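Presented below is the structure to which this report refers.
The values are calculated or read from the model by the stated rules, or taken from the named source; none is laboratory data. Everything quoted here is computed from the prediction, not taken from an experiment. No Cβ is skipped: glycine too gets one built from the backbone with ideal geometry, and neighbour counts run over all protein chains shown.
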Amino acid sequence: MVWGVVIDGQLVHVGASGVQDLNSKAPVTADTVFRIASMTKSFTTLAILKLRDEGKLSLDDPVSKWVPEFAHIPPPTRDTAPLRIRQLLSHSAGLPEDNPWGDQQLAASDADMRRWLQQGLAFSTPPGTRYEYSNFAFALMGRVVTRASGMPYERYLRTEILAPLHMDATTLRFDEVPRARRAIGYRLQPDGTYREEPPLPQGAFGSAGGLLTNARDLGKYVAFHLSAWPPRDDPEDGPVRRASVREMSALWTPANFTVQHVDGKLNAFEAGYGFGLRVRTDCRFEHIVSHGGGLPGFGSYMQWLPDYGVGLFAMATLTYAGPDEAIGRAWDAMLQTGGLRPRELPPSPILVEMRDHIIHLWTHWDDKEVRQIAAMNLLIDFPASQRRAEIAQLQRQVGACPTAGPIIPENWLRGQFNLRCERGTIGVFFTLSPTRPPSIQHLSFHLLDSQSTRLESPTGARAGVTCS
């Protein structure tokens, strides 16, 4: 097994245990190449989105536009709309979950694909109605990449995605990996011995699960995804636009919402699929992005927290040995240290400007200044006389407030700052309107227990799950 930690664009730690194969006993290193199976789906998605961004296809194109054989496949119901590319990408196409069968199809030929398509496909659910994981869907995506780009999927992936990311050790072909760096896959037998799994060759299902890579390359890949956050004005420097990478990590197809009591504590999470990636929210983190991979001989997992700039991954040489549970425990351990903190957004200029107005009004209330910065609802919801009385009462409690803390932005138009006073701390929360120029639509003052207290949006705008 090998594992890695990515922080703010850098692979900062690689750990390894065991051997590459039982014959040579060569130790696993950061250069050892593992098959990552279904983690390939996110690479295929990047290829599709790059072609979309270049105007060569649309996610709303009927699949039959790029896979002509699909035009002759009867839909599951008479009122089924044409199947779209975005449904294949988000596992909402209505094709059945096919991991046991799909895992053995990497070597399938184009002729096999044509035959299956000509014979028709079986649907398990109406398209567009629910989540169902489909390897066949991503095998079809490989054909779409080939047709839309005018070159074989494998070549397009190598030249347009892998090469720009400098993932030089990553390949779809087992025989391209030097033997000295090749991890051999094994299956654990009932008697406790390990049986070597023969490597599956590249074929028509390569776009669903064929890639092999090492820790150094996978670290670059996770760093690339994390670099899409936060949205900003910096020049684009990746093979796919940052906005498109973020699009992959939106929850397009919900899969399940689960609530459990574990050791007396409430645990809840919502999970589903984006484009080529799994997306999750739980009691710890608002946005978790991941994907696993399992094939005969291999198990792998990658997961990152866009709001924190941190990612973890692991790859192992054991059939379906997905290390997702260990990665989940690693997040818990990091949280307990106190060192895992979300990246703070820089405050927008308009938030800073409005903070300065509010500080001035706290010390020298002026109705004219209020009307200049207030949205039309502010003084209707909370008349000026009432606001003056509120501030005066708080000032009697806390005394003079000589110091104002920095803006803690929730986004570009909503934030908080704290006033440090003689006998306490006042938290000031405000929200700006969508009009130009933005004006204050909500303003509230709270006596806080601590200078570090962060207020929750009184409008309920902050997403996520709070568990206790």
**OP:** Scan (1) in contact (Cβ under 8 Å) with a residue 24 or more places away in the chain; (2) under 23 Å from Ala321 (Cβ atoms) for the single condition Pro190 breaks and write down its number.
**Re:** (1)
Original post:
Got at least one residue in the range 197-208 being of a type in the set (Gly, Ala, Ser), assigned by TED's automatic domain parsing to the domain that holds Met39 and farther than 18 Å from Val145 by Cβ?
Top reply: no
Original post:
Looking at (1) over 30 Å from Gly338 (Cα atoms); (2) touching a Phe, Trp or Tyr at 6+ places or on another chain (Cβ under 8 Å); (3) of a type in the set (Lys, Arg), which is the only condition Arg280 fails?
Top reply: (1)
Subject >> Identity of the residue in the range 297-339, under 30 Å from Arg414 (Cα atoms) and in contact with a strand residue (DSSP E or B) (Cβ under 7 Å, 6 or more places away or on another chain), that ends up surrounded by the fewest Cβ atoms within 10 Å (Cβ to Cβ) >> reply: Gly309
**OP:** Evaluate the following for Pro438: is it surrounded by fewer than 19 Cβ atoms within 10 Å (Cβ to Cβ) and at pLDDT 95 or above?
**Re:** no
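Evaluate the following for Ala180: is it under 30 Å from Glu69 (Cα atoms), small (Gly, Ala, Ser), in contact (Cβ under 8 Å) with a residue 40 or more places away in the chain and part of a helix (DSSP H, G or I)?
Details: under 30 Å from Glu69 (Cα atoms): no; small (Gly, Ala, Ser): yes; in contact (Cβ under 8 Å) with a residue 40 or more places away in the chain: yes; part of a helix (DSSP H, G or I): yes.
No: the conditions fail for Ala180.
Residue by residue through the range 118-135, note down the ones that are surrounded by 21 or more Cβ atoms within 10 Å (Cβ to Cβ) and at pLDDT 95 or above.
Glu132, Ser134, Asn135
Can you confirm whether Arg280 is closer than 27 Å to Gly128 by Cβ, charged (D, E, K, R), touching a strand residue (DSSP E or B) at 6+ places or on another chain (Cβ under 7 Å) and outside any loop (DSSP other than H, G, I, E, B)?
Values: closer than 27 Å to Gly128 by Cβ: yes; charged (D, E, K, R): yes; touching a strand residue (DSSP E or B) at 6+ places or on another chain (Cβ under 7 Å): yes; outside any loop (DSSP other than H, G, I, E, B): yes.
Yes, satisfied.
Here are some residues: Arg78, Arg52, Arg86. Which one is of a type outside the set (Ser, Thr, Tyr) and under 16 Å from Ser149 (Cα atoms)?
Unique residue meeting the criteria: Arg52.
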**OP:** Taking the options Ala139, Ala111, Ala93, Ala148, name whichever one is touching a Lys or Arg at 6+ places or on another chain (Cβ under 6 Å) and assigned by TED's automatic domain parsing to the domain that holds Ala208.
**Re:** Ala148
Subject >> Per-region count, the range 12-25, residues touching a Lys or Arg at 6+ places or on another chain (Cβ under 9 Å), in contact (Cβ under 8 Å) with a residue 24 or more places away in the chain and surrounded by fewer than 21 Cβ atoms within 10 Å (Cβ to Cβ) >> reply: 2
Original post:
Is there any pair with a first residue in the range 93-111 that is among the hydrophobic types (A, V, I, L, M, F, W, C) and surrounded by 16 or more Cβ atoms within 10 Å (Cβ to Cβ) and a second that is at pLDDT 90 or above and outside any loop (DSSP other than H, G, I, E, B) whose Cβ atoms are under 7 Å apart and which are 6 or more apart or on different chains, and what are they?
Top reply: Ala93/Gln87; Ala93/Ala137; Leu95/Phe136; Leu95/Ala137; Leu106/Gly206; Leu106/Gly209
**OP:** Within the range 374-393, identify whether any single residue is out of contact with any strand residue (DSSP E or B) (no Cβ under 6 Å at 6 or more places or on another chain), more than 30 Å from Gly185 (Cα to Cα) and β-branched (Val, Ile, Thr), and answer yes or no.
**Re:** yes
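Can you tell me which residue is nearest to Ser90 (Cα to Cα) among those in the range 126-170 that are assigned to a helix (DSSP H, G or I) and polar (S, T, N, Q)?
Pass one, the range 126-170, residues assigned to a helix (DSSP H, G or I): 135-149, 153-162.
Still in the running and polar (S, T, N, Q): 135, 146, 149, 159.
Details: Asn135: 12, Thr146: 20, Ser149: 21, Thr159: 25 Å.
In this case the residue turns out to be Asn135.
Somewhere in the range 240-248, is a residue in the same structural domain as Leu295 (by TED's automatic domain parsing), assigned to a loop (DSSP other than H, G, I, E, B) and touching a Lys or Arg at 6+ places or on another chain (Cβ under 7 Å)?
Within the range 240-248 (the criterion being in the same structural domain as Leu295 (by TED's automatic domain parsing), assigned to a loop (DSSP other than H, G, I, E, B) and touching a Lys or Arg at 6+ places or on another chain (Cβ under 7 Å)), the answer is yes, since at least one residue qualifies.
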Original post:
Among (1) buried (at least 17 other Cβ atoms within 10 Å of the Cβ); (2) among the basic types (Lys, Arg); (3) under 24 Å from Phe138 (Cα atoms); (4) in contact (Cβ under 8 Å) with a residue 40 or more places away in the chain, where does Arg241 come up short?
Top reply: (1)
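Do we find a residue being closer than 24 Å to Glu154 by Cβ, free of Cβ contacts under 8 Å to residues at least 24 places away in the same chain and under 28 Å from the mean Cα position of the chain (by Cα) anywhere in the range 32-41?
No, because not a single residue in the range 32-41 is closer than 24 Å to Glu154 by Cβ, free of Cβ contacts under 8 Å to residues at least 24 places away in the same chain and under 28 Å from the mean Cα position of the chain (by Cα).
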**OP:** Within the range 388-403, track down each residue that is basic (Lys, Arg) and in contact (Cβ under 8 Å) with a residue 12 or more places away in the chain.
**Re:** Arg388
